[in-house]
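Undergrad: Below is one structure. I have some questions about it.
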Ligand SMILES: Nc1ncnc2c1ncn2[C@@H]1O[C@H](COP(=O)(O)OP(=O)(O)OP(=O)(O)O)[C@@H](O)[C@H]1O
């Protein structure tokens, strides 16, 4: 079995020691080549090369950003071999089978994708779990989300968002640019501070989709490919508790941003991990193949925790059976 290991040396919790442990452990189990990412976008290029060269596995030591790039590289060309949304997968066909399988070892700050797959949030323990999966040939086929806007498209592994949450991601990225780390406390502080600045009076978005009743007046929307959406420390945050890698996309939208609505929703998504949040001002979707958010003015947009600018129209699609993950 041939595997390419991608290491992001700049990821928050990646260091030379865990990298070396991983190289030794994986190197004993598979024929391994190791690449360090040198710039933004490098992981996507390396993963696309691994696919073109017929590698069996691409392993990532890094955070959710590097995993996102890797996944996009593995699915390159965009839509290559995917089944259109809403259509049945023909019997005997599995789009994931034609791509290298993925291994993830958490080396970032939140490591949501790895943890949502059930991996320990520790690179050495995760290496042990992944080696066991390799030995036992244990694979899980996961679906991905895909966002499409203005002729561009990008896959996401766990979430996307438009509105307030993407504004918070943008603000935290700004702080990281000044050398500060993206800790859970920093996200919470930034979210609280930014709440004062966000527009709570003029909702910008409309939600539409095939077979979905149109919803107007949406301030913010979280789009999920799995649950949890994120973690605060060890606590899972579950705005879309029914979302899973095996189903279509879920959505939670807010039509009010007042402190009471927000406080009630936050309490529910922090404490009720299996129950849908309840509230008159919520918009919810579960297991949908496709929907579109259209904004009357440009709205902040994030994907897997990466801020992607302000957008007016973004379509979200589910891509089933996209990748096999050794887990
Ligand atoms: N050598 C490098 N120098 C600077 N940036 C890099 C390098 N290699 C990769 N990157 C970029 O760093 C970004 C962040 O990396 P990554 O997501 O792995 O770690 P993180 O930010 O610590 O984790 P998380 O996404 O969980 O917060 C990625 O978007 C990636 O493109």
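The values are calculated or read from the model by the stated rules, or taken from the named source; none is laboratory data. In this text, all values refer to a predicted model and were calculated from it rather than measured experimentally. A quick note on method: Cβ atoms are made from the backbone with ideal geometry, for glycine too, and the neighbour counts reach across all protein chains shown.
Undergrad: Restricting region 1-10 to residues that are crowded, with 22+ Cβ neighbours inside 10 Å and within 14 Å of the ligand (Cβ to nearest atom), which is farthest from the chain's Cα centre (by Cα)? Reasoning before the result, please.
TA: Here is the first cut: in region 1-10, the ones crowded, with 22+ Cβ neighbours inside 10 Å are 3-8.
Retained after the next criterion (residues that are within 14 Å of the ligand (Cβ to nearest atom)): 5-8.
Working: 5: 20, 6: 18, 7: 18, 8: 17 Å.
So the residue we want is 5.
Undergrad: Yes or no: region 78-101 includes at least one residue that is at pLDDT 95 or above, within 16 Å of the ligand (Cβ to nearest atom) and buried (at least 20 other Cβ atoms within 10 Å of the Cβ). Show your work before the answer.
TA: We begin by selecting, within region 78-101, every residue at pLDDT 95 or above; these are 100-101.
Then keep just the ones that are within 16 Å of the ligand (Cβ to nearest atom); that gives none.
No: region 78-101 contains no residue that is at pLDDT 95 or above, within 16 Å of the ligand (Cβ to nearest atom) and buried (at least 20 other Cβ atoms within 10 Å of the Cβ).
Undergrad: A further question on this structure: Going by what's in this entry, would residue 309 be described as over 19 Å from residue 191 (Cβ atoms) and within 16 Å of the ligand (Cβ to nearest atom)? Write out each step before concluding.
TA: On the way: over 19 Å from residue 191 (Cβ atoms): yes; within 16 Å of the ligand (Cβ to nearest atom): yes.
Considered against the rule, which asks whether it is over 19 Å from residue 191 (Cβ atoms) and within 16 Å of the ligand (Cβ to nearest atom), residue 309 comes out as yes.
Undergrad: Another one. Collect the residues in region 166-203 that are within 14 Å of the ligand (Cβ to nearest atom) and outside any helix (DSSP H, G or I), keeping them in residue-number order.
TA: 179, 180, 181, 182, 183
Undergrad: Given the conditions (1) closer than 26 Å to residue 152 by Cβ; (2) more than 11 Å from the ligand (Cβ to nearest atom); (3) at pLDDT 95 or above, which single one is not true for residue 112?
TA: Of the numbered conditions (1) closer than 26 Å to residue 152 by Cβ; (2) more than 11 Å from the ligand (Cβ to nearest atom); (3) at pLDDT 95 or above, the odd one out for residue 112 is (2).
Undergrad: For region 35-56, indicate whether the set of residues that are away from the ligand (no atom under 12 Å from the Cβ), in contact (Cβ under 8 Å) with a residue 24 or more places away in the chain, in a strand (DSSP E or B) and over 30 Å from residue 177 (Cα atoms) is non-empty.
TA: No, region 35-56 contains no residue that is away from the ligand (no atom under 12 Å from the Cβ), in contact (Cβ under 8 Å) with a residue 24 or more places away in the chain, in a strand (DSSP E or B) and over 30 Å from residue 177 (Cα atoms).
Undergrad: Next question. The conditions are (1) surrounded by fewer than 19 Cβ atoms within 10 Å (Cβ to Cβ); (2) in contact with a strand residue (DSSP E or B) (Cβ under 8 Å, 6 or more places away or on another chain); (3) part of a loop (DSSP other than H, G, I, E, B), and residue 214 fails exactly one of them. Which is it?
TA: (3)
Undergrad: Only one of 325, 314, 299 is buried (at least 17 other Cβ atoms within 10 Å of the Cβ) and more than 22 Å from residue 226 (Cα to Cα); which?
TA: On the way: 325 fails: more than 22 Å from residue 226 (Cα to Cα); 314 fails: more than 22 Å from residue 226 (Cα to Cα).
The match here is 299.
Undergrad: Of these, 27, 62, which one is within 14 Å of the ligand (Cβ to nearest atom) and modelled with pLDDT of 95 or more? Talk me through it step by step, then tell me what you get.
TA: Working: 27 fails: within 14 Å of the ligand (Cβ to nearest atom).
When all the criteria are applied, what remains is 62.
Undergrad: With surrounded by 15 or more Cβ atoms within 10 Å (Cβ to Cβ) and farther than 30 Å from residue 324 by Cβ as the only criterion, which of 185, 204, 243 stands out? Spell out how you get there, then give the answer.
TA: Working: 185 fails: surrounded by 15 or more Cβ atoms within 10 Å (Cβ to Cβ); 243 fails: farther than 30 Å from residue 324 by Cβ.
Answer to the selection: 204.
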